[in-house]
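Data first, discussion second: the structure below is written as structure tokens.
The values are calculated or read from the model by the stated rules, or taken from the named source; none is laboratory data. All values derive from a computational prediction rather than experimental measurement. Glycine gets a Cβ as well: all are built from the backbone with ideal geometry, and neighbour counts include every protein chain shown. Surface areas here come from the heavy atoms of the whole protein model, side chains and all, with no ligands, DNA or RNA. Shrake-Rupley method; radii C 1.70, N 1.55, O 1.52, S 1.80 Å.
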Amino acid sequence: MNRTWRFSLPVAAVTLGLTLPLLATPAQAAGSQTIQLWTHNGGNKQELADVNAVVKAFNASHKQYKVVVKAFPQINYNDAVVAAAASKQLPCLLDSDAPVIPAWAYAGYLAPLNLDPKVVKSINASAKGMWKGKLYSFGMYDAVVGLVTRKSTLAALGLRTPSLAKPWTLAEFNNALAKAKASGKYQYAIDLGTGWDGEWYPYGFSPFLQSFGGDLINRKTYRNADNVLNGGKAVAFGTWFQGLFANGYAPKRTDATMRDNGLVNGSVAFSWNFFNQTQFDALKGDMIVLPPPNLGVKPVVGGGSWQWAMSSSCNAKTGANAFLKFMAQTKYFKMFSDTLSNLPVTAAATKVSKVFGPGTDMNIAAVLSAKYAVIRPPTPAYPVIAKVFEAALKNIINGADVQSELDNAVNQIDQNLQDNHYYGF
Amino acid sequence: MKLLFGLLKYAAAILLTIVFVFPLVFMVMASLKPDYNLLQDVGSIRSFLPVGPISLQNYQGVFDRVPFLRFLFNSLFVATTTTVLGLLVNSMLGFALAVMKWRGKNVVFAMIISTLILPFEVIAIPLLYLMAKLPWISFDGGLHLTQGMFNSYQVQILPFIANAIGIFLFMQYFKTLPKELEESARIDGASWFRIYARIAMPLAGPAIGTVSILTFLPMMNSYLWPIMTIQDESYRPVMVGLQYFYVNWGTAWGQIMAYLTLLTVPVVILFLFMQRFFVGSIAAVGVKG
């Protein structure tokens with residue numbers, strides 16, 4: 001045997017060893033009733049505990065199925081789901097941020113749910129993930145932002161306290177911001193949460209756009225953004241929004257201290273943000289959540305948070321659906337809301353909620369959501385729309401030409417719609 | 001004049017040390033402060049000083065939030081195994097390309113080098129398909145073949161063992177070895193494998209050092225691939241673990257700094273002990289990190 005062969009033989013043996021198993025057949029999974037559940041709550045101790053509590057109760061109530069939880073860090077959860085879908089490794093049950101549901105349903109990742117119609121009807125519209133008239137997901141909670149301030153601030157600035165029946169107009173809102181700035185008491189008149197990136201932009205700011213009369217896409221056809229995102233009303237929104245920063249009313253990028261504590265520590269007069277009981281407690285009866293201002297057409301707040309869905313590749317759909325039915329009970333809706341301080345999604349859960357029930361400080365959140373919530377456009381194009389809108393708005397904040405930015409955004413969105421054959425609309 | 005030059009040299013060295021050390025000092029100090037104070041101190045000299053309400057609470061928070069030691073073990077195991085297997089495989093191919101004469105050698109070399117053009121993101125999805133389909137021998141209550149390697153150590157190790165840079169560096173290094181060594185070994189009847197194992201590899205210390213560093217560090221920092229292939233927390237590496245601290249609309253900055261300190265300090269200590277070897281090996285192969 002020559003030297004070359006002596007060297008090559010071990011290499012060939014290793015290669016053969018690695019190649020032979022390619023002839024293997026997949027392991028049989030038949031008979032297994034284990035149902036995998038993926039959640040975005042890795043690192044979120046309380047919400048993961050809530051999910052585990054429901055799973056534990058479900059597993060105890062059934063012998064046929066066993067749900068197993070796998071938690072992912074939220075920041076890379078969507079990437080993990082998309083990668084799993086690409087390699088056909090999706091779990092049976094998974095949660096998803098509400099606006100992504102139509103995209104995942106359209107892509108075939110998800111299967112429609114089969115829940116009791118009475119239960120479905122009881123869930124708020126903003127907590128249901130619908131696509132082509134079918135229910136693909138529902139949330140155990142919702143979220144809402146508010147225009148938060150102090151009663152003493154309103155009094156000191158001589159401002160009318162807006163009511164649900166008569167929210168502030170655009171002129172009144174502008175006047176309030178101007179007076180807050182002129183008072184010299186605050187670092188900024190309002191914090192808009194600009195320290196957050198990504199989804200905050202469409203979630204937090206498209207309600208202003210919609211209040212002006214514009215929108216992210218034409219919701220009648222879902223086939224274009226032209227004339228909607230760059231029409232006169234949208235440009236009016238963009239110009240006004242840019243003015244908030246140009247006039248020094250709001251910081252272009254809020255630091256976390258101001259965003260989280262600005263209202264309590266008095267560095268801002270108003271906050272357009274999530275709010276919680278801790279703030280109410282800290283301000284000892286002085287805090288007030290105002291209805292969103294009517295900037296032209298109607299007051300609007302965003303709606304839709306994380307929701308639960310079932311994958312289309314699930315080989316135990318009956319069990320997965322049984323779990324979702326089990327989860328959709330008032331006691332669990334209440335548990336998620338009370339432990340997380342997130343909005344209940346049914347009237348029954350709101351009624352019994354310790355945090356959001358009638359007479360509580362936080363009940364205003366339920367009222368605002370019920371009266372003003374508009375979900376982000378339920379279209380598979382939404383992930384693209386969200387990115388494009390965020391980029392455009394950031395440029396507008398930094399002084400770019402409003403019309404050009406919105407035109408550019410529209411071009412990108414409409415091109416995407418065209419490239420994808422309008423996603424079946 | 002000589003004294004002045006010496007002083008300038010030291011001043012420059014101190015300045016550079018400050019530039020490189022300050023981020024680490026900031027990280028360690030921030031890891032001891034509550035989020036509120038940490039953010040308040042940013043932008044002032046206070047952020048580099050242990051002032052304000054100092055505690056180890058962030059470290060407690062890290063262990064409370066994530067299985068840190070598990071993540072660290074996973075990363076170390078994956079990085080070490082990949083490095084060791086990579087050294088073996090890449091050095092063998094580097095040797096074959098540099099020393100042995102065989103038909104198609106140049107074509108193979110060109111193909112290996114051409115893989116350097118492709119960033120990992122380009123091959124990620126095809127690789128994902130492959131790893132979802134490849135079989136593996138599992139020992140679950142007996143020996144049997146299973147399909148797919150997700151949620152395992154092997155899925156994090158196997159795709160990264162063969163490495164074009166490693167092969168290239170070994171090949172270049174083996175080319176510099178005196179021909180006489182190989183020729184006299186062959187005259188004495190040594191096989192190619194014996195020449196590789198007994199002569200070439202013992203002389204390849206600098207190349208081994210460089211390839212080890214260039215393999216180990218990216219593997220420790222591995223992020224995208226584990227996100228795609230690891231759904232089970234017990235196999236997750238440290239860099240994915242870092243994302244546990246970004247929750248909903250809040251970020252636990254103090255805990256992030258504590259987590260990074262826990263990760264960085266052992267590496268810095270290891271480097272301080274072994275810096276002469278690291279610097280020597282990189283200088284010998286002529287690669288800048």
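If you go through segment B:40-65 and keep only what is over 17 Å from B:T264 (Cα atoms), within 11 Å of chain A (Cβ to nearest Cβ) and open to solvent by less than 50 Å² (accessible area, probe 1.4 Å), you end up with B:D41, B:G61. For segment A:332-383, filtering for residues that are closer than 20 Å to A:A53 by Cα and open to solvent by 40 Å² or more (accessible area, probe 1.4 Å) leaves 6.
In the list B:M92, B:M100, B:M131, B:M171, which residue meets the criterion of being modelled with pLDDT of 90 or more, surrounded by 14 or more Cβ atoms within 10 Å (Cβ to Cβ) and over 28 Å from B:R186 (Cβ atoms)? One residue alone meets the criteria, B:M131. For the structure I just gave you, tell me whether B:T210 is more than 10 Å from every other protein chain (Cβ to nearest Cβ), among the β-branched types (V, I, T) and either loosely packed, with under 15 Cβ neighbours inside 10 Å or within 30 Å of B:P126 (Cα to Cα) (or both). Yes: the conditions hold for B:T210. Quick check: is even one residue across segment B:236-243 within 9 Å of chain A (Cβ to nearest Cβ), of a type outside the set (K, R), closer than 18 Å to B:L76 by Cβ and buried (at least 24 other Cβ atoms within 10 Å of the Cβ)? Yes, the conditions are met somewhere in segment B:236-243.
When B:S114, B:S152 are screened for being of a type in the set (S, T, Y), at pLDDT 90 or above and more than 21 Å from the chain's Cα centre (by Cα), only B:S114 passes. Taken together, the residues in segment A:40-53 that are more than 11 Å from chain B (Cβ to nearest Cβ) and open to solvent by less than 10 Å² (accessible area, probe 1.4 Å) amount to 2.
When segment B:252-264 is filtered for residues that are touching a residue at least 40 places away in the same chain (Cβ under 8 Å) and assigned to a helix (DSSP H, G or I), the ones remaining, listed by number, are B:W253, B:G254, B:Q255, B:M257, B:A258, B:Y259, B:L260, B:T261, B:L262, B:L263, B:T264. When we screen A:K354, A:K387 for residues that are assigned to a helix (DSSP H, G or I) and without any contact (Cβ under 8 Å) to a residue 60 or more places away in the chain, the only hit is A:K387. In the set A:F245, A:F208, only one residue is closer than 28 Å to A:Q277 by Cβ, away from every other protein chain (no Cβ under 13 Å), assigned to a helix (DSSP H, G or I) and at pLDDT 95 or above; that residue is A:F208. When segment A:91-115 is filtered for residues that are surrounded by fewer than 23 Cβ atoms within 10 Å (Cβ to Cβ) and either without any contact (Cβ under 8 Å) to a residue 40 or more places away in the chain or among the polar types (S, T, N, Q) (or both), the ones remaining, listed by number, are A:P112, A:N114. Applying the set (1) under 22 Å from A:T346 (Cα atoms); (2) surrounded by fewer than 17 Cβ atoms within 10 Å (Cβ to Cβ) to A:G303 leaves exactly one unmet item: (2). Residues in segment A:56-90 that are open to solvent by less than 10 Å² (accessible area, probe 1.4 Å), away from every other protein chain (no Cβ under 14 Å) and in a helix (DSSP H, G or I): A:F58 only.
Within segment B:143-199, being within 13 Å of chain A (Cβ to nearest Cβ), part of a helix (DSSP H, G or I) and small (G, A, S) holds for B:A185, B:A197. Scanning segment B:137-170 for residues that are touching a residue at least 60 places away in the same chain (Cβ under 8 Å) and of a type in the set (S, T, N, Q), we see that the one that is nearest to B:A110 (Cα to Cα) is B:N163.
Quick one: A:A234 ticks every box in (1) surrounded by fewer than 18 Cβ atoms within 10 Å (Cβ to Cβ); (2) touching a Gly at 6+ places or on another chain (Cβ under 6 Å) bar one, so which box is it? Here A:A234 meets the rest and fails (1).
So is A:K252 in a loop (DSSP other than H, G, I, E, B) and more than 21 Å from A:I397 (Cβ to Cβ) or not? When the stated conditions are applied, A:K252 does not pass them. Looking across segment A:252-291 at every residue that is farther than 24 Å from A:D338 by Cα, away from every other protein chain (no Cβ under 14 Å) and under 23 Å from the mean Cα position of the chain (by Cα), the one that is most open to solvent (accessible area, probe 1.4 Å) is identified as A:K252.
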